[in-house]
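Engineer: Here it is, the structure, as structure tokens.
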Amino acid sequence: MATSVKFAVVDVNDFLTKKQTNEPSLAADWAKLEELYNKKLWHQVTLKLQEFVKHPFLQTGDNLIQLYNNFLSTFENKINPLSLVEIVAVIVEQYKDKKEAIAFLEKIEQKVKINDEATALCKVLQGQIYLEQLNDLDSTERVIGELEGSLEDADGVTPVHGRFYKLASEYYRVRGPMSKYYRAALRYVGCARGGAALPQAERQALALRLALAAVLAHDVYDLAELWRRYVGCARGGAALPQAERQALALRLALAAVLAHDVYDLAELWCRYVGCARGGAALPQAERQALALRLALAAVLAHDVYDLAELWCRYVGCARGGAALPQAERQALALRLALAAVLAHDVYDLAELASASGVATWGARGGAALPQAERQALALRLALAAVLAHDVYDLAELVSR
């Protein structure tokens, strides 16, 4: 287990000489550090340390903590404060006791308080430990609150911004609201060259989360504004690439159904579809678009379908659905899957998890999750069932 930080104990040259003897594979690196240290070339020592602390051999045991206690701590006041914290960011990961890690970072923060960026990075590192290791959301929120204003007022984008927006996005993803998650995650992506600097797996995960957050957050997209300012300016979408048109079509269709002030199912049917001879007088494309909206609205509206009635009186009477045509079974599957997740009195998440074959979630099937998180997960699952290419084929459902 890592020990607490203490004052440098030794003659630095003695420490470096022993390291050269005991670690022959790194002897040249230790010798170089000794040479630069004796010449008081602090900038060059800093550059060497920024590379050296990432060496695989030093990631085991408490090698990095020993390096700090017996070497770096003797001249830390002579090097650039931000560079010091960037080195410390690697060292602190070696603390097994995460409360000791927080204490270590607090001491470093006091030593670099003359530099705003270094102080901010120290706080971000503490926030990451609170969120990822200690699950202390209140302390994470405090860190974000302390930094949010100062970083947004800073001139340009500093090296700390990307780390901060990643921390903020992960916090808001857990606690909400979705609109704050969306904005923080988008800024994080912007700090990473539009996502180009991120690993492929992280880019994919962010793309999915951002797409869902954009639909779920009430104050991210406004349907009328989307159409008027973007799609309308592109000649009604004709000037957009096919892939972008399809993505926008899905967003608009979902937003049209989900937004309470855009469509009302009864009004749509009574005043429009009904007046067009039940839809027979409408163009084929419009009939298909309406079919999708109506199908989704029929599932989402609490006063249109009752799942128990559907299942008991209809699907159950058809030998559990076996006697129904394939197209009808698929349509019912979509309605039932969405309704089962959305309806509060049909499934709780625990039952849904066990019915899906994933009863061991680690959160007792959702029973251990806060209500807000359970609701957010329910809506994500419902949307994912529609959006995922390998769950339902939306085009096939609509055409059938």
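Values in this text are rule-based calculations from the coordinates and carry no lab data. This one's a predicted model, so the numbers in the text were calculated from it and none came from an experiment. Please note: Cβ atoms are built from the backbone with ideal geometry, for glycine as well, and neighbour counts cover all protein chains shown.
Engineer: Got a sec to turn the phi values of segment 27-37 into Karplus ³J(HN,Hα) couplings, 6.51 cos²θ - 1.76 cosθ + 1.60 with θ = phi - 60°, whole Hz, x for Gly and Pro?
Structural biologist: 4, 5, 5, 5, 5, 5, 4, 5, 4, 5, 5
Engineer: Counting other C-beta atoms within 10 Å, which of Arg193, Arg173, Arg187 has the fewest, and how do the rest follow?
Structural biologist: Listed from fewest to most nearby Cβ atoms, that is Arg193, Arg173, Arg187.
Engineer: What pairs in Lys96/Lys166; Lys40/Lys98; Lys54/Lys180; Lys39/Lys98 have C-alpha atoms more than 30 Å from each other?
Structural biologist: Pairs exceeding the cut-off: Lys40/Lys98; Lys54/Lys180; Lys39/Lys98.
Engineer: Enumerate the calculated ³J(HN,Hα) couplings along segment 12-26 in order (Karplus 6.51 cos²θ - 1.76 cosθ + 1.60, θ = phi - 60°), each rounded to whole Hz, writing x wherever the residue is Gly or Pro.
Structural biologist: 4, 5, 5, 4, 5, 5, 4, 5, 5, 6, 7, 10, x, 5, 10
Engineer: Provide the descending list of Cα extents for segment 1-126 along its principal axes, expressed in whole angstroms.
Structural biologist: Taking max minus min along each principal axis of the Cα atoms, segment 1-126 gives 37, 31, 25 Å.
Engineer: Separate question: Go through segment 163-168 residue by residue and turn each phi into a ³J(HN,Hα) via Karplus (6.51, -1.76, 1.60, θ = phi - 60°); whole Hz please, and just put x for glycine and proline.
Structural biologist: Karplus-based 3J(HN,Hα) across segment 163-168 equals 5, 5, 5, 5, 4, 5 Hz.
Engineer: Gain in length, Gln204 to Glu35, computed as 0.36 nm per residue apart minus the alpha-carbon separation, to one decimal in nm?
Structural biologist: Computed gain between Gln204 and Glu35 is 56.3 nm.
Engineer: Expressed in nm to one decimal, what extension gain is obtained for the pair Ala154 and Lys107 from 0.36 nm per residue of sequence separation less their Cα-Cα distance?
Structural biologist: 14.5 nm
Engineer: Once the Cβ-Cβ distance between Lys54 and Ala243 is put in as r, and R0 is 45 Å, what FRET efficiency do you end up with, to the nearest 0.05?
Structural biologist: 0.70
Engineer: Here is a further query. Which one of Gln126, His43, Val85 is farthest out on the positive end of the charge dipole of segment 43-135, using unit charges on Cβ (Lys, Arg +1; Asp, Glu -1) and the Cα centre as origin?
Structural biologist: Of the candidates, His43 comes out farthest on the positive side.
Engineer: Then there's this: May I ask you to list the lysines whose Cα is less than 17 Å away from that of Lys18, ignoring any residue fewer than eight positions away on the same chain?
Structural biologist: Within reach: Lys32.
Engineer: Which of the lysines could a cross-linker bridge to Lys111, judged by Cα under 17 Å and excluding same-chain residues fewer than eight apart?
Structural biologist: Lys6, Lys78, Lys123
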